[in-house]
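Since the structure comes first, as structure tokens, the remarks are kept for the end.
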Amino acid sequence: AVTAAAYRLFLSSNKLEQKIKDALTGLDTRSVRNLAGKGSRIRNMILNAELPEKLAEEIWRQYKILSLNEGAGELDVAVRSSATAEDLPEASFAGQQETYLNVRGDKEVLAAVKKCIASLFTNRAISYRVANGFDHLQVALSVTVQLMVRSGTGLSAGQAGAAGVMFTLDTESGFRGV
């Protein structure tokens, strides 16, 4: 688990807190263009920032341990994000941040961790925090790297299994033509 404390370390070591505040200046969640531009700018800042060396080394080390424990040189993993304010009585952030499946290798795991961090600033997550009165920098994020579990395990040869979620409308706008 990449903890919320590690998330905050990542932001502070890259001096991103003020840059995020600055990027959110003039935010208008009623304007898709404004919201999308600000969200994209923040996500790009995060993706272009460096994980602190000790944090990256610890993520890589733990990934190697997980791989070895499962008898693999490089294990396929799921890299999942969870916001600290995800399941509150007055608001639910569940499902707003990204999950990456079938991630393999230390570079790919580290890249997926950064993508999860960046997903705290999707357009949907930003507008939801605004609508519910949450400070963008008070909500932190944790990232879990876990064994990839295949759907359909235990099925007979020739059978396929699948799992997933499908939305019949755009969850941000309510548009049904997606």
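Counting only residues 5 or more places away or on other chains, whose amide H sits under 5 Å from the amide H of Met148 once H atoms are built in the peptide plane?
Amide H to amide H, under 5 Å and 5 or more residues apart or across chains, Met148 pairs with Val77, Ala78.
Could you pull the Rg and Dmax for the stretch 1-150, using just the Cα atoms, both in Å?
Considering the stretch 1-150 through its Cα atoms, Rg and Dmax are 15.8, 51 Å.
Which cross-chain or sequence-distant (5 or more) residues have an amide H under 5 Å from the amide H of Ala140, H modelled 1.01 Å from N in plane?
Amide H neighbours of Ala140, under 5 Å, 5+ apart: Thr84, Ala85.
Can you run phi through the Karplus equation (6.51, -1.76, 1.60; θ = phi - 60°) for the stretch 129-142 and list ³J(HN,Hα) in whole Hz, with x for Gly and Pro?
So the Karplus estimates, Gly and Pro as x, are 5, 4, 4, 9, x, 9, 6, 4, 8, 8, 8, 9, 9, 10 Hz.
Of the accessible area of the stretch 1-127, with the probe set at 1.4 angstrom, what percent is carbon plus sulfur?
50 percent
Quick one: 3J(HN,Hα) in Hz for the stretch 33-46, Karplus 6.51/-1.76/1.60 with θ = phi - 60°, rounded, Gly and Pro as x.
Residue by residue, the stretch 33-46 yields 5, 4, 4, 5, x, 5, x, 4, 4, 5, 4, 5, 4, 5 Hz.
Send over a whole-number figure in Å² for the accessible area per residue of the stretch 1-122, probe 1.4 Å.
For the stretch 1-122, the per-residue accessible area is 55 Å².
Dividing the Cα radius of gyration by the Kirkwood radius, what Rg/Rh value follows for the stretch 93-140?
1.07
The values are calculated or read from the model by the stated rules, or taken from the named source; none is laboratory data. In this text, all values refer to a predicted model and were calculated from it rather than measured experimentally. Keep in mind that these areas ignore ligands, DNA and RNA; they rest on the heavy atoms of the full protein, side chains included. Shrake-Rupley method; radii C 1.70, N 1.55, O 1.52, S 1.80 Å.
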